[in-house]
Structures are given as structure tokens and as C-alpha cells.
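Undergrad: So that we are looking at the same thing, I have put the structure below in C-alpha cells.
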Protein chains: 2
Amino acid sequence: MAESSQKFQAKKFQAPKGTRDFYPADLAVRRHIESVWRQVSINHGFEEIDGPTFEHLDLYTHKSGPGIVSELFQVMSGKDAEQLAAIRSGGAAPYALRPEFTPTLARMVAARAPELPRPIKWFAIPSHFRAESPQRGRLREFMQWNVDFIGDDSPRADAEVIATAINSMEALGLVSSMVRVHIFDRRLSEAKAAAMGIEGEKYIGLLWIMDNFGKLSEERLRAEFNKHQLRSEDIEKALAYAQLTARVRAAGPLTTETARELGFTVEMAAPVHETLRHLDSMGYGGWCEFDPGIVRGLAYYTGTVFEIHEASGAERAIAGGGRYDNLIESFGGPKLPACGFGMGDVVLANILKDKGLLKPPEEYLPRPDAFVIAANDDVAARVPAIVADLRRQNLHVRQSYKTTRNVGKLLGDAGKCRARYAVILGAELNATPPRVALKDMDSGEQREIPLSELAGALRAPAGIPPSLEGGG
Amino acid sequence: MAESSQKFQAKKFQAPKGTRDFYPADLAVRRHIESVWRQVSINHGFEEIDGPTFEHLDLYTHKSGPGIVSELFQVMSGKDAEQLAAIRSGGAAPYALRPEFTPTLARMVAARAPELPRPIKWFAIPSHFRAESPQRGRLREFMQWNVDFIGDDSPRADAEVIATAINSMEALGLVSSMVRVHIFDRRLSEAKAAAMGIEGEKYIGLLWIMDNFGKLSEERLRAEFNKHQLRSEDIEKALAYAQLTARVRAAGPLTTETARELGFTVEMAAPVHETLRHLDSMGYGGWCEFDPGIVRGLAYYTGTVFEIHEASGAERAIAGGGRYDNLIESFGGPKLPACGFGMGDVVLANILKDKGLLKPPEEYLPRPDAFVIAANDDVAARVPAIVADLRRQNLHVRQSYKTTRNVGKLLGDAGKCRARYAVILGAELNATPPRVALKDMDSGEQREIPLSELAGALRAPAGIPPSLEGGG
């Protein structure tokens with residue numbers, strides 16, 4: 001890169017507000033969550049993809065309108081005078097950091113639709129960025145797991161997507177009394193809105209009000225309505241609808257009468273009930289509830305919508321998603337039905353922590369197979385070669401860089417990094433054949449073995465089956 | 001996020017120039033490389049960290065000077081009117097996408113230096129970004145593996161860092177005749193430069209000329225020299241030095257006489273020889289060569305410098321690094337010696353491909369444990385529940401979404417996704433107890449087992465030991 005003076009003036013820096021530094025134990029926890037997400041995705045037949053961290057800005061405005069620009073981190077090349085000039089003359093930057101993955105996914109599907117095998121089942125676990133004020137559960141950079149099932153318009157696809165989300169929470173130790181999956185169908189709210197004369201842009205306004213009902217005050221909701229071209233009477237209707245859904249939700253299972261009040265018939269609710277029935281047959285019925293209060297704020301959903309919340313409702317949503325049957329086409333692809341969800345790491349980690357479902361962070365760090373100790377100066381010079389040899393055999397091996405030959409002290413260091421075995425090199429290393437002492441750090445048992453058998457002994461199964469908690 | 005109209009006008013988009021879309025097989029190859037990087041790092045006792053994707057711009061100008069700004073992607077919040085106003089009035093954006101990891105690492109070490117155990121051995125595998133024109137081996141977004149050993153100033157630390165880099169290449173199938181590790185010591189070039197009267201800013205210019213000698217024409221090097229405050233006679237000296245190092249390199253092993261010509265004594269070369277001796281004892285001597293032509297362009301190196309190149313020299317460097325004993329202090333931390341390297345995925349993948357060391361990309365995709373087939377409509381309805389049950393037991397299970405009950409055709413689909421087993425559900429599923437047919441897709445052998453034993457049978461070891469190629 002560029003050159004500079006050799007002399008620096010010392011200066012302390014901080015991470016940008018709303019971003020995170022992941023020290024080893026912090027990252028080990030994140031990797032634990034990510035590896036569950038990845039393994040669960042793979043188990044459910046999804047394949048991993050990735051895209052650019054920044055995209056053309058208009059990929060996002062195309063999907064969400066120009067209002068999105070203020071919520072994005074804009075990106076421009078420092079090399080490109082034209083880009084800078086465009087911004088200085090009042091324009092926007094040409095790129096934006098990815099605020100969500102769906103536009104990238106839709107672009108990738110559209111680009112290769114003819115050659116992709118159907119259905120397309122993809123997942124991704126990249127960083128996302130939002131230019132919002134950081135607060136509990138909301139950062140400016142966060143990890144988000146995205147799962148999408150494309151090319152199948154049946155409730156079984158919705159159910160499989162939702163089952164994938166639930167299975168990940170199950171694998172992380174959550175149970176159905178801790179988190180709830182709220183499921184609804186956009187077609188039902190759309191029918192009710194149409195019956196109230198709320199359509200088109202106004203319907204988007206209603207979605208916004210529904211999505212924020214209970215989060216913002218009614219006063220605030222009323223104040224915002226102008227943004228959404230709702231007349232005063234429309235917003236009162238929307239608020240009444242939101243209040244009604246809250247009442248229906250509190251009243252327990254849906255009846256023919258409450259359905260009628262909500263503006264739909266049992267027939268109209270058949271797809272969402274079919275999705276729920278599938279989830280029940282998969283053993284996930286107990287996690288799910290039909291919830292007419294869930295509509296999702298995004299305009300592009302066309303059918304099933306769902307959100308996963310901590311049971312008390314105290315936190316922001318853990319995940320949200322639904323069916324978006326028109327989106328791929330709008331990105332220049334064929335008409336392909338699709339559904340999917342996004343689950344962020346921030347709210348999820350907060351809930352896991354609150355429920356006591358995370359071990360002390362250090363326990364997520366990979367355990368060394370061996371910690372090699374030199375018991376005297378004579379053998380110390382041979383440590384690097386022995387360690388290098390074990391590492392070439394794909395073993396995780398540490399050593400002490402201290403000059404002390406106090407074996408007790410060094411065993412303490414081996415214990416601190418949670419090594420499975422300590423390998424103690426002493427006078428027997430000069431015997432024929434050379435021998436080493438192998439101490440099982442869990443049982444405390446110590447035995448002497450030939451150096452030539454060391455790698456095999458370290459590789460012997462430790463009695464712990466490979467689990468989802470793999471990490472490394 | 002923001003709301004918008006429900007109706008989209010279809011539009012096709014492309015990824016930004018110099019960035020990549022990773023479809024499943026593409027990402028599987030990248031994950032293969034990353035998982036080798038990760039496992040090798042862990043084996044060598046390094047712990048993984050991560051930092052923000054964007055940092056304050058001055059984190060980079062602090063280390064590399066204001067010239068770096070034009071090589072960065074600048075980032076600003078769309079929400080922050082002040083940031084935009086600053087840019088419009090001629091300033092720079094407040095943030096930049098990470099062009100290299102070292103400044104983040106130095107910032108993180110400085111922030112917690114007192115509490116971090118020593119030595120600090122960290123690695124990271126994040127995305128990096130450079131606002132350069134894309135060309136072979138150089139993209140605008142790329143993955144880079146960073147390995148750093150902090151708190152040890154001895155050649156054994158340099159050797160361990162270099163051994164980590166070599167072991168990764170070895171694990172990927174490269175051998176010492178394909179890639180060469182070129183090692184030098186900045187103190188030797190600095191002494192020679194001082195003897196020629198080239199010091200301070202001028203020395204940075206000499207480093208730049210040395211670093212680009214053989215890459216750019218001598219004419220071009222001369223034309224650039226003004227940038228680096230070199231007088232015409234200085235640049236001729238620098239070019240003569242670069243030519244000399246090329247001659248020395250071509251002439252084979254270093255002699256006392258060639259050392260004298262290069263301006264240093266055997267004593268001065270002791271540390272780099274000690275590093276080479278360590279590498280030799282670790283079994284990596286055959287990969288390495290002393291190369292006075294390697295100085296690295298970056299100003300902050302203080303000792304050992306090294307680069308890894310494809311043996312013919314045809315490609316850009318695979319990796320580069322060295323010792324930077326003053327950098328942590330310059331970021332407000334304590335005086336801590338350090339050395340490390342960065343290895344990008346782009347050049348490495350090109351070389352692996354050229355050497356035939358990558359399998360067909362599809363073979364890096366995770367293999368399903370089972371592909372479940374319904375042989376008749378009667379049992380088809382039970383597929384989702386059986387599949388869900390196996391997945392809850394942490395098995396990778398696929399199913400057909402087709403309506404055909406042609407088992408031969410469906411076995412073809414099972415083969416296409418490389419499933420280890422096909423599970424065929426037929427009339428025996430209604431027997432007591434229910435039974436299924438299990439077909440080993442590798443051997444072709446088929447047997448009938450009770451449904452209750454299915455998960456166990458799928459989990460039975462397939463005879464393939466866990467290897468570095470883990471992937472998922």
C-alpha cells in the first residue's frame with residue numbers, strides 16, 4: 001500500500017460507534033452461533049452462498065424506494081474523482097454497504113436462473129450494516145443468517161423454512177416456552193385492508209402501522225401517518241385493526257367469528273393453516289402460533305409472514321421472514337415463488353445469555369490437543385521440531401515460550417489453555433528409542449510412551465462425540 | 001427497513017466491478033481454503049479475532065499517510081447530514097472499508113494490552129477492500145488471512161509465523177518446488193541504504209523502488225522517484241542496489257564477499273539466519289531462501305521481511321509479511337515486538353487451480369447423509385416428518401420435491417447431490433415395526449432396516465476420517 005514516514009506519533013483509536021471488536025473469546029461465541037446456523041442449514045439441504053459486502057446503491061433503492069438511502073452506509077472509491085464530484089454536487093455515492101441480503105440473492109438468482117437446479121435452497125451468513133443509532137439488540141454492523149427457498153410456492157416450503165429457523169434455536173438450547181414463532185398471511189391483512197378501502201400506497205402505510213403497533217405510541221403512529229399517504233380516517237381504521245388483532249391474539253385460538261371480525265374466512269386461512277399443520281407433523285407445532293398482528297413492515301411479502309420473539313416480548317424480533325413471490329421477477333429474473341427469513345446475531349446472543357444458554361466464552365475456544373513442556377534446558381531446543389511435526393499431522397499443539405523449567409508451573413499453563421494432554425520432554429527424550437511423558441489433563445493420569453507413538457496417542461478419540469458445537 | 005410501492009419495474013443488476021458473487025460451488029472452494037487457513041492457525045496455537053468491516057479513516061492515514069485515502073473505499077452514514085456536508089465542502093468521509101487488517105489488530109492490542117496474556121497469537125480471515133483497478137490476482141474485495149505473533153522478538157517467533165504460512169500451503173497440496181518463501185531482513189537494506197546516504201523519507205523511496213523492481217520498468221521507476229524525494233543520483237544508487245540484489249540472488253548461496261557487496265557482515269545477518277535455521281529444524285528449510293531483493297513496500301517493518309511467490313515468479317505474491325516492532329506502540333499501546341503476514345485468497349486460488357490442486361468445485365459441497373425417496377403416494381405424506389426427525393438428530397438430509405414416484409429417477413437425483421445413502425420409503429413403512437430400504441450410494445449395496453434404526457445407520461462411520469477438507 002502507500003508509503004509513509006517511519007516515525008509515528010502514538011495515537012489511540014476506537015472502533016466506530018455501533019461496531020464490535022471480537023477478541024478470541026467473543027469471536028468463539030459468535031462462531032458457536034454461526035456454526036449452528038451453518039450446520040442446521042446444511043442439514044436442511046440449503047447450500048451456502050455469499051455476495052459482495054457493498055452493492056450498487058440502486059439495488060437497494062429499486063427494492064425499497066429512495067427513502068432507504070438515509071438508512072444506508074454509502075460507499076465510494078477514493079480513486080474515482082467522478083464519484084466524489086457527483087456527491088459534492090448533491091448526488092449520492094454509487095455503492096452502499098449491504099443492509100440486508102435479499103437484494104443480492106434476488107440479483108444472483110436472476111443472473112443465472114436458467115441454469116440453476118430447482119428448487120434453489122440457499123443460505124448465507126454475512127455481515128450487514130445499518131446507519132441507525134445503536135441500541136440494545138441493534139448495532140450498525142451485525143451478522144445475519146439468511147435462509148431462502150426459491151421455486152416452490154407450497155406451504156411445505158414455508159414450513160421447511162420455518163422449521164430450519166426453529167431447529168437452530170433448538171440446537172442452541174432454546175425451548176418452545178422461551179421463544180415463540182408468530183405466523184400470519186399477508187393475503188389476509190390485504191383483504192381486510194381492501195375491505196376498509198385501504199389499498200396501494202395506503203396499504204403500505206397500514207403495514208407500517210401494524211408493524212410498529214405496540215412498539216411506538218399511538219400518538220407517534222398518528223404523527224407518522226402523513227408519510228404514508230393515509231388520511232386521518234384511514235389511520236383510525238388501521239389503528240382499530242391493530243387493536244383488534246391484539247384482542248384476538250389475547251383471546252386464544254381463532255374461531256369462525258373472530259376470523260370474520262378480522263375480515264377473512266376459514267378458506268382464506270387455509271394456506272397458513274396448512275403451513276402450521278406441516279410444522280406440527282415435523283414436531284414443531286408447539287413453537288408456533290397463528291398471530292394476525294404479524295404483518296412485517298417490508299412491502300414485498302406476498303403470503304406467509306412470520307416473526308420469532310422471545311416469549312415475554314421484551315426484546316426485538318430474533319428473526320423475521322415470509323413469502324415473496326414477485327421479488328425475483330422484479331430483479332429481472334423469471335417469475336419464481338420464494339420464501340425465506342433473516343436471523344441476526346445480536347438479539348439472539350442477548351437472549352441466549354439471559355437464559356443461561358451460553359457457557360463461559362473461553363469454553364468455546366478450540367481445545368489444544370497437546371501442550372508441550374521442556375523439563376530441562378537440554379531438551380528445550382528440540383521443542384520446536386517436535387511441535388512442528390505434530391502440527392503437520394493436523395494436531396492443535398501449543399508450547400510454552402517461557403524460560404522456566406518448572407514443570408508444575410508449566411502444567412498450570414497447559415491447564416489454563418484447556419489442553420487435553422500435556423507432553424513433558426525430559427531426560428527420556430535421549431533414550432533409545434526416545435520417550436516422552438503424556439499427562440491426560442482431564443483425568444490427571446500420566447504415562448510414558450515412545451515419541452514415535454505421540455501423534456497417534458494424541459489423536460485417539462477423547463470419548464467426546466463430534467457435536468454441533470464444533471467451532472474450529 | 002423503508003417502505004415502497006408494491007409494484008416493481010423489473011430491472012437487472014450486476015455486482016460492483018471487482019467484487020464476486022459466490023454461488024454454492026464457488027463458495028465451497030473458498031470455504032475449503034478458509035477452513036485450511038483456520039485449522040492450520042488453530043494447530044499453531046493462534047486464536048481467531050475479528051473487527052469492524054469499516055474503521056475510522058484516520059486509523060489508516062495514521063499508519064500509511066494521507067496518500068492512502070485514494071486507495072480506499074470511503075464510507076459515510078446516509079443519516080448523518082454533517083458527514084455529508086463535510087464531504088461536499090471538500091473533506092473526506094469519516095470511515096473507510098478495511099484495506100488491511102494490521103491497523104485494526106494494533107488498535108485492538110493497544111486497547112487491552114495490560115490484560116492480554118503474552119505472547120498474543122491471533123489470526124483473522126475477514127474481507128478486505130481496495131479501490132484499485134481489478135486485474136489478475138487483484139480484486140476490489142477479497143478474503144485475506146492474517147496471522148500475527150505479538151510479544152516475542154526472537155527469530156523463533158518469525159520462524160513460527162512463516163512455518164504457519166508454509167504449513168497452510170502444504171495442507172492445500174502445494175510442494176516446495178511450486179512455491180518459494182523469500183526471506184530477508186530490513187535492517188540489512190537499511191544499513192546499505194545508510195551507507196549510500198539514503199535515509200529517512202528517501203529510504204522509504206528506496207524501499208518502493210526495491211519493491212517494484214522487476215514489476216515496473218526502470219523508466220517507470222525513474223519517473224516515479226520524485227514522489228519519494230529521491231535525487232537523481234539517489235535513484236541511480238537505488239537501482240544499482242536493486243540490480244545487485246538480483247545478481248546476488250541469481251548467483252546462489254550467499255558468500256562473505258557477496259554479503260560485503262550488499263553492505264552487511266555475516267554478524268548482521270545472524271537473526272535472519274537464525275530464523276532460517278529454525279525453519280530448517282521444523283522441516284521447512286527446503287521451502288525457504290535468503291533473498292536480498294525482498295524488502296516489502298510498507299514503511300513499518302523493522303526486521304525480518306518475507307514474501308511467498310509461485311516458483312516461476314509469474315503471479316503476484318501469495319503472501320507477505322514481516323516484523324513490525326514499533327507499530328503497536330504507535331497505536332497507543334505498549335512497546336511490543338510483533339511479526340505477522342497476510343495471505344489473500346485470489347492469487348492462492350489461481351495457483352491451486354493452475355497446479356491442478358483443486359477438485360471439481362461441486363466436490364467441496366457438503367455430502368448429504370441421506371436422500372429420502374417416497375416410492376408411492378401413500379407414504380409420500382410421511383416424508384416431511386421422517387426428514388425432520390433425522391435433521392433434528394443433526395443429519396444432513398435431502399428429499400425430492402418432485403411428484404414422480406419413479407425410484408430409478410429419484411436415485412439419479414440422490415446421486416447428483418452426492419448423497420451417501422438413499423432412503424427408500426415403500427409399503428414396508430406400514431409394516432409393524434415400520435421398515436425402510438437403505439441404499440449405500442457408493443457401493444450400491446441395499447438392505448432393509450427398521451425405521452427406528454435409520455438415524456443410527458446413517459450416522460455409522462463411512463470409513464472416511466475427518467480431514468482438513470471438512471468444509472461445513
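The values are calculated or read from the model by the stated rules, or taken from the named source; none is laboratory data. It should be emphasised that the depicted structure is a prediction, and the values quoted were computed from it without experimental measurement. Neighbour counts are summed over all protein chains in view; Cβ atoms, including those assigned to glycine, are modelled from backbone coordinates with ideal geometry. Note: accessible area is taken over every heavy atom of the protein model, side chains too, but ligands, DNA and RNA are not part of it. Shrake-Rupley method; radii C 1.70, N 1.55, O 1.52, S 1.80 Å.
Undergrad: Put B:E170, B:E261, B:E160 in order of accessible area, largest first, 1.4 Å probe: what do you get?
TA: Working: B:E170 55, B:E261 85, B:E160 5 Å².
Largest to smallest exposure gives the sequence B:E261, B:E170, B:E160.
Undergrad: Right, something else. Would you mind listing the distances between the B:T256 label point and the same position in each other copy? Use 7 Å along Cα-to-C-beta, nm, one decimal, shortest first.
TA: The projected label point of B:T256 is separated from its counterparts by 10.8 nm.
Undergrad: Cα to Cα, under 13 Å, and not fewer than 8 places away if on the same chain: which aspartates and glutamates meet these conditions relative to B:K79?
TA: Within reach: A:E71, A:E132.
Undergrad: In degrees from 0 to 90, rounded to the nearest 10, what is the angle of the helix A:232-250 Cα long axis to the longest principal axis of chain A?
TA: 60
Undergrad: Could you size up the charge dipole of region B:137-246 around its Cα centre, putting +1 on the beta carbon of Lys and Arg and -1 on that of Asp and Glu, and report it in debye to the nearest 20? List each step's numbers first, then the result.
TA: On the way: 14 positive and 18 negative charges, 76 e Å.
Taking the Cα centre of region B:137-246 as origin, the dipole is about 360 debye.
Undergrad: Just how much of B:D369 is accessible, in Å², when a 1.4 Å probe is used and the result is rounded to the nearest 10?
TA: Accessible area, nearest 10 Å²: 30 Å².
Undergrad: If you take the accessible area of A alone, add that of B alone, and subtract the area of the pair, what total do you get in Å², probe 1.4 Å, to the nearest 100? Working shown, then result.
TA: Details: alone 24000 and 23950 Å², together 36630 Å².
By this definition, chains A and B bury close to 11300 Å².
Undergrad: Quick one: ranking B:D345, B:D21 by accessible area, 1.4 Å probe, largest first, what do you get?
TA: Numbers: B:D345 10, B:D21 40 Å².
From most exposed to least exposed: B:D21, B:D345.
Undergrad: In a shell of Cβ-Cβ distance under 12 Å around A:P94, excluding A:P94 itself, what net charge do Lys and Arg (+1) and Asp and Glu (-1) give?
TA: On the way: positive: B:K17; negative: A:E55, A:D58, A:D80, A:E82.
Neighbourhood net charge equals -3.
Undergrad: For region B:105-161, what is the per residue volume of the convex hull drawn over the alpha-carbon atoms, in cubic angstrom? Working shown, then result.
TA: Numbers: hull volume 6.4 nm³, N = 57.
Output value, Cα hull per residue: 112 Å³.
Undergrad: With each run of n ≥ 4 DSSP H residues scored as -39500 (n - 2.57), what mean residue ellipticity at 222 nm is computed for chain A after dividing by its residue count and rounding to the nearest 500 deg cm²/dmol? Before the final figure, lay out each step's value.
TA: Details: 17 runs with 174 residues, N = 472.
Using -39500 (n - 2.57) per qualifying helix, the result is -11000 deg cm²/dmol.
Undergrad: Using r as the Cβ-Cβ distance of A:S312 and A:A460, and R0 as 51 Å, what FRET efficiency do you calculate, to the nearest 0.05?
TA: After rounding to 0.05, the efficiency reads 0.65.
Undergrad: Another question, if that's okay. For B:S452, tell me the accessible area in Å² from a 1.4 Å probe, rounded to the nearest 10.
TA: About 110 Å², ignoring ligands and nucleic acids.
Undergrad: Summarise the accessible area of the protein assembly as shown (1.4 Å probe, protein heavy atoms) by the percent that is carbon and sulfur. If you can, show how the numbers build up before the last one.
TA: Details: 18270 of 36630 Å².
Of the solvent-accessible surface of the protein assembly as shown, carbon and sulfur hold 50 percent.
Undergrad: What translational diffusion coefficient, in µm²/s and rounded to a whole number, does the Stokes-Einstein relation yield for region B:57-184 at 10 °C and a viscosity of 1.306 mPa s, taking the hydrodynamic radius as the Kirkwood radius over Cα pairs? Please report the intermediate quantities before stating the final value.
TA: Numbers: Rh = 17.6 Å.
Translational D for this selection: 90 µm²/s.
Undergrad: HN-Hα J couplings of region B:189-202 from phi, Karplus 6.51/-1.76/1.60, θ = phi - 60°, integer Hz, Gly and Pro as x?
TA: 5, 5, 5, 4, 4, 4, 5, 8, x, 9, 9, x, 4, 5
Undergrad: OK, next. Can you work out the Karplus-derived ³J(HN,Hα) for every residue in region A:31-45? Use 6.51 cos²θ - 1.76 cosθ + 1.60 with θ = phi - 60°, whole Hz, and x for glycine or proline.
TA: Computed from phi, the couplings for region A:31-45 are 5, 4, 4, 4, 6, 5, 3, 5, 5, 5, 4, 4, 4, 8, x Hz.
Undergrad: Here's a follow-up. Short version: what are the Cα gyration tensor semi-axes of region B:304-460, square root of 5 times each eigenvalue, largest first, in whole Å? Could the numbers behind the result be given before it?
TA: On the way: eigenvalues 551, 84, 29 Å².
Equivalent ellipsoid of region B:304-460: 53, 20, 12 Å, largest first.
Undergrad: With respect to the cross-link table entries A:K121/A:K359; B:K12/B:K359; B:K359/B:K402; A:K402/B:K335; A:K12/B:K335, which display a Cα-Cα separation exceeding 21 Å? Mind dumping the intermediate values first?
TA: Numbers: A:K121/A:K359 32 Å; B:K12/B:K359 32 Å; B:K359/B:K402 30 Å; A:K402/B:K335 19 Å; A:K12/B:K335 14 Å.
In this structure, A:K121/A:K359; B:K12/B:K359; B:K359/B:K402 exceed 21 Å between Cα atoms.
Undergrad: Let's test this: bin the Cα-Cα distances of region B:308-378 at 10 Å from zero up to the farthest pair and state each bin's percent.
TA: For region B:308-378, the binned pair fractions read 15, 24, 19, 17, 13, 6, 4, 1 percent.
Undergrad: Packing-wise, with mean Cβ within 10 Å as the measure, how do B:180-186, A:371-377 rank, highest first? List each step's numbers first, then the result.
TA: Values: B:180-186: 24.0, A:371-377: 20.7.
Highest to lowest by the protection proxy: B:180-186, A:371-377.
Undergrad: Leaving ligands, DNA and RNA out of it, work out the accessible area of A:S281 with a 1.4 Å probe and give it in Å² to the nearest 10.
TA: Result for A:S281: roughly 60 Å² accessible.
Undergrad: Would you kindly work out, in nm and rounded to one decimal, the distances from the label point of B:L216 to those of the same position in each other copy, ordered shortest first, with label points 7 Å along Cα-to-Cβ?
TA: The projected label point of B:L216 is separated from its counterparts by 5.5 nm.
Undergrad: Mind checking the log10 I(q)/I(0) for region B:199-303 at q = 0.13, 0.19 Å⁻¹? Debye, one equal scatterer per Cα, no solvent, two decimals.
TA: -0.54, -1.03
Undergrad: With point charges of +1 on the Cβ of Lys and Arg and -1 on the Cβ of Asp and Glu, referenced to the Cα centre of the protein assembly as shown, which listed residue (B:A385, A:H32, B:L410) lies farthest in the positive direction of the dipole?
TA: A:H32
Undergrad: What do you get for Rg/Rh of region A:17-58 when both radii come from the Cα atoms and Rh is the Kirkwood radius?
TA: Numbers: Rg = 14.3 Å, Rh = 12.9 Å.
Rg divided by Rh gives 1.11.
Undergrad: Taking every pair of alpha-carbon atoms in region B:261-386, give the share separated by more than 19 Å as a whole percent. Don't jump to the answer; show the numbers that get you there.
TA: Values: 5412 of 7875 pairs.
I get 69 percent for the Cα pairs in region B:261-386 exceeding 19 Å.
Undergrad: When only the heavy atoms of the protein chains count and the probe is 1.4 Å, how do A:T432, B:T258 rank by accessible area, highest first?
TA: Details: A:T432 140, B:T258 25 Å².
Per-residue accessible area, sorted high to low, gives A:T432, B:T258.
Undergrad: So if I restrict to the alpha-carbon atoms in region B:105-243, what is the Rg, and what is Dmax, the biggest pairwise distance, in Å?
TA: Just the Cα atoms of region B:105-243 yield Rg and Dmax of 18.8, 52 Å.
Undergrad: Kirkwood Rh over alpha-carbon pairs of region A:1-107, then Stokes-Einstein at 10 °C and 1.306 mPa s: what D in µm² s⁻¹, rounded to an integer? Could you put the intermediate results ahead of the total?
TA: On the way: Rh = 17.7 Å.
The diffusion coefficient I find is 90 µm²/s.
Undergrad: Note the distances from A:R277 to each other copy's matching label point, with points 7 Å along the Cα-to-beta-carbon direction, in nm, sorted shortest first.
TA: Here the equivalent label points are 7.9 nm apart from this one.
Undergrad: Across the Cα atoms of chain B, what radius of gyration and what greatest pairwise Cα-Cα distance (Dmax) are found, in Å?
TA: Looking at chain B, its Cα Rg and Dmax stand at 28.2, 95 Å.
Undergrad: Any idea of the accessible area per residue across region A:134-255, 1.4 Å probe, to the nearest Å²? Don't skip to the answer; put the middle values down first.
TA: Numbers: 4810 Å² over 122 residues.
Accessible area per residue: 39 Å².
Undergrad: While we're on this one: Could you derive backbone 3J(HN,Hα) for region B:387-396 from the dihedral phi with the Karplus parameters 6.51, -1.76 and 1.60 (θ = phi - 60°), listing whole Hz in sequence and x where the residue is Gly or Pro?
TA: After applying 6.51 cos²θ - 1.76 cosθ + 1.60, I find 4, 4, 5, 5, 5, 5, 8, 6, 10, 8 Hz.
Undergrad: Report which residues of region B:331-363 become buried by 10 Å² or more of accessible surface when going from the isolated chain to the complete set of protein chains (1.4 Å probe; DNA, RNA and ligands ignored).
TA: Buried on complex formation: B:F331, B:G332.
Undergrad: Can you give me the angle between helix A:155-171 and the longest principal axis of chain A, using Cα atoms only, in degrees from 0 to 90, rounded to the nearest 10?
TA: 40
Undergrad: Using the alpha-carbon atoms, what tilt in degrees (0 to 90, nearest 10) does helix B:270-281 show relative to the longest principal axis of chain B?
TA: Tilt of helix B:270-281: around 30 degrees.
Undergrad: Oh, and also: In a solvent-free Debye calculation with one equal scatterer on each Cα, what is log10 I(q)/I(0) for region B:298-341 at q = 0.34 Å⁻¹, listed in the order of the q values?
TA: -1.12
Undergrad: Using the Cα atoms of region B:249-306 to build a convex hull, what is its mean projected area in square nanometres? Walk me through the numbers before you get to the answer.
TA: Numbers: hull surface 18.3 nm².
Directional mean of the projected Cα hull area for region B:249-306 stands at 4.6 nm².
Undergrad: Quick one: what Rg and Dmax do you get for the protein assembly as shown from the alpha carbons, in Å?
TA: Over the protein assembly as shown's Cα set, Rg and Dmax evaluate to 30.4, 100 Å.
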